[in-house]
Amino acid sequence: MSTDLSRRHFITTAASTFLGVTASRVIAAPGLGTSPLKQAATARNVIYLYMTGGMSHLDTWDPKPDNKDVMGLTKTINTNVDGIRLSENLPLMARQADKIAILRGMNSTQGAHEQGQYYQRTSYTMRSSIKHPSMGAWLEKFQGRGNPTLPGSVMIGNDSRHPGAGFFEAKFAPLMINDPETGIANVRTNSWFTEGRMLDRLQVAKQLDAQFAATYNVKNVRAYSDMYDDAIKMMKSEELKAFDLDAEDNKLREKYGRDRFGQGCLLARRLVEHGVRHVEVTFGSWDTHNANFTRVPELADELDAALSTLLQDLESRGLLQETLVVLATEFGRTPEINANDGRDHHAPGFSCVLAGGGVRGGQVWGATDENGHKVADGAVSVPDFNATIAYALGLPMDTVLYSPSKRPFTVVDKGKPVTQIFG
């Protein structure tokens, strides 16, 4: 009986993630149309690494070696690209600077965590009246799933405030996985609860729901039926092996790092190998108001191992050129060091990183001033950054879709892609 209930829990949970719909969700309106500005894609997949809490740019990607007052205890090291220097906290990535493009001119209008995270993931500011789709939802909406038996997007981490599908149908929301080590539970039948018994019970459930579905024949009700069908497909699919990290060599797992972020990056690689188009892995918290010079090295150590291994792993498998690896955060940290040996929120200037997916490595785009306070050259807004991701994926940035309230939206809100970093 407990197995039956847990299996039912799996199917119900799937309804509120990528396969179904909740009663409170409303569906987007009209068709997609054709965009005259649609560009050729340089990437097929995205692995989106989100640094929750506001990553200090000064102690990672944008150090100021000539300004000791700003840098505090953090030192600077050379990389394998002449002219590019990184914080000493990223020694492994310093050896792979030729694979990355660092956008040091990032800036945001949002200086609080929840609002900043929402803005970074959607390009729109948070509103109480609407929830905007994240990039994974836009990708699946425009281009469909890469593997028909697996979700179109997966979110690895614990972030209940992720915007997900926004005002799109809930089937475009990512499948949420809290722990990459455990994969997806309750997807295999046992000796008693056979596939035949499960299908019989689902048939009875559909018969009981038939009158309600006929009376309320709208998308968010029909989505429940679609959810059951998709859940069954996934449960029967051989592609579920993509979620099994035990299939990987132990030495590689150790190289990624045995922490959740490292194993999340490894799972992300396995998922894109099996056709999942958009995988997000969250990591934090980088909210270093206190003990910045103790906490950042600890966080950076995990990041450095996982990111450097991910790039090498993708490259060795021939996947890096078709996979855009994104490292993003909601804002940076202040040049000023506070009384608690920490740095506070800082939206006027920070850094994000792109690699693979047609992006030319070994470059820096933009710059902050000598204190790392504000953008001095090559400003990139959050919508511009997301437009750059959309450009790599070949998404039509001028195609308008409508919310339930008939308001028009595009994949990025007036963002302009930084096309110069490609090629």
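Each value in this text was obtained by applying a stated rule to the coordinates, not by laboratory testing. This structure is a prediction, so every number in the text was calculated from the model and none was measured. With ideal geometry, Cβ positions are generated from the backbone for all residues, glycine too; neighbour counts draw on all protein chains shown.
A few remarks follow.
- Region 282-423: radius of gyration and largest Cα-Cα distance (Dmax), Å: 17.5, 49
- Local net charge near THR282, Cβ-Cβ under 13 Å (Lys/Arg +1, Asp/Glu -1): -3
- Angstrom value of the Kirkwood radius, inverse mean 1/r, which spans all Cα pairs in region 326-370: 12.6
- Neighbour counts of other Cβ atoms within 10 Å put HIS278, HIS162 in the fewest-to-most order HIS162, HIS278.
- Long-range amide H partners of ALA173 with built H, under 5 Å: ALA165
- Summing charges over neighbours of MET176, with a neighbour being any other residue whose Cβ is under 13 Å away from its Cβ, gives -2 when K and R count +1 and D and E count -1.
- Sites ARG95 and ALA214, calculated FRET efficiency, Cβ-Cβ separation with R0 51 Å, nearest 0.05: 0.25
- Between the C-alpha center of region 37-58 and that of region 294-352 there is a gap of 12 Å.
- Cross-link pairs exceeding 23 Å between alpha carbons, from the set LYS75/LYS416; LYS99/LYS131; LYS99/LYS255; LYS131/LYS241: LYS75/LYS416; LYS99/LYS131; LYS131/LYS241.
- All distinct Cα pairs of region 32-152 go into the 1/r average, and the inverse of that average, the Kirkwood radius, is 17.9 Å.
- Fewest-first sequence of CYS265, CYS352 by Cβ atoms within 10 Å of each Cβ: CYS352, CYS265
- Using the Cβ of THR294 as centre and a radius below 13 Å, the other residues enclosed give a net charge of -2, where K and R count +1 and D and E count -1.
- Whole-Hz Karplus values for region 61-75 come out as 8, 9, x, 10, x, 8, 10, 5, 5, 7, 6, x, 7, 7, 9 Hz, taken residue by residue from phi with 6.51 cos²θ - 1.76 cosθ + 1.60 and θ = phi - 60°; glycine and proline positions read x.
- Cβ crowding within 10 Å ranks ARG269, ARG317, ARG44 as ARG317, ARG44, ARG269, fewest other Cβ atoms first.
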